[in-house]
Amino acid sequence: MSRPRILIVGESCRDVFVYCDASRLDPAIPVPVLHVLDQTENPGMAKNVERNIKALYPACDIVTNTNWRDITKTRFMHDKTNHAFVRVDAGHAVGRADVHSLPLAEYDIIAISDYDKGFLDENDMRYICEHHDTVFVDTKKPVGDFLGASLFIKINEKEYQRSCPVSEPLQRRIIMTKAERGAEFQGESYPVEQIEVKDASGAGDSFFAGLLVNYAETGDIRDAIRFANLCASQVVQHRGVTSIERPRDAT
């Protein structure tokens, strides 16, 4: 029996982490003088969701901006403490998706990974939701009626507050992530174990990826939320943006 196929639609970039030490302030201006020690990078935004899904589940494709390598989020981090000094973003012309040409019918699950950088507007997202029965949405846009035909909407607490008031039909679709307090869905809490968080970068992408993978495997959204919590808890224990491994605690 073939596995359900997942299609991710959304914009992507490169996540760059520059690790530095800082032993003094510039005498002319009150800023730290950074000495670069190391640098890492990985695909970011929707490509990070893809990377995390493919770490666990092969049946996944992506439609994203072709120039994603030219778009960067560069974080300058203290090497010893992982304190962030500054983030520098460059190159935001992602272009626009042609949603009418998407092969939606060829996939069992559509995942919209929307960072609100211009790749998808509300009408594009409405079209995708109205033309497929199983659409998961992770969006930086305020939630609205354009997502009325989606199956599930994953947003964090801050994004939820920015979207209020949320209509009852949309409310029932929302999976709200709450950092160290886990997640909430339809009034039910899904707690996580308390752990030391080294870096929350990419935690939302990892949660979304885990949610999609487990739902594709089980069809049970509540089990998928528990699994996604384990995935997010795993990656925040490492610095930078890391890809997930199948959690040992998953059943």
Looking across the range 11-28 at residues that are assigned to a strand (DSSP E or B) and among the hydroxyl-bearing types (Ser, Thr, Tyr), the single one that is surrounded by the fewest Cβ atoms within 10 Å (Cβ to Cβ) is TYR19
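To keep it simple, each residue is scored yes or no on (1) of a type outside the set (Lys, Arg); (2) over 21 Å from the mean Cα position of the chain (by Cα); (3) open to solvent by 50 Å² or more (accessible area, probe 1.4 Å); (4) closer than 24 Å to LEU151 by Cβ.
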| site | (1), (2), (3), (4) |
| --- | --- |
| THR66 | yes, no, yes, no |
| LYS73 | no, no, no, no |
| PHE76 | yes, no, yes, no |
| ALA93 | yes, no, yes, no |
| ILE112 | yes, no, no, yes |
| GLY118 | yes, no, no, no |
For the range 52-104, the count of residues that are of a type in the set (S, T, N, Q) and in a loop (DSSP other than H, G, I, E, B) equals 6
Among helices (runs of 4 or more DSSP H) entirely within the range 168-240, at least 3 residues that are closer than 17 Å to SER113 by Cβ and open to solvent by less than 20 Å² (accessible area, probe 1.4 Å) occur in 203-218, 221-235
Checked pairs for the range 151-163, first outside any strand (DSSP E or B), second open to solvent by 50 Å² or more (accessible area, probe 1.4 Å) and among the basic types (Lys, Arg), C-beta under 7 Å and 6 or more apart or across chains, list as LEU151/ARG173; GLU159/LYS140
Next on the checklist: Taking the criterion of being at pLDDT below 95 and open to solvent by 50 Å² or more (accessible area, probe 1.4 Å), would at least one residue in the range 96-107 satisfy it?
Outcome noted: yes
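The values are calculated or read from the model by the stated rules, or taken from the named source; none is laboratory data. Owing to the predicted nature of the structure, the values given are computational and were not obtained by experimental measurement. All Cβ positions, glycine included, derive from the backbone under ideal geometry; neighbour counts span all protein chains shown. Areas reflect the complete protein model, heavy atoms only, side chains present, ligands, DNA and RNA absent. Shrake-Rupley method; radii C 1.70, N 1.55, O 1.52, S 1.80 Å.
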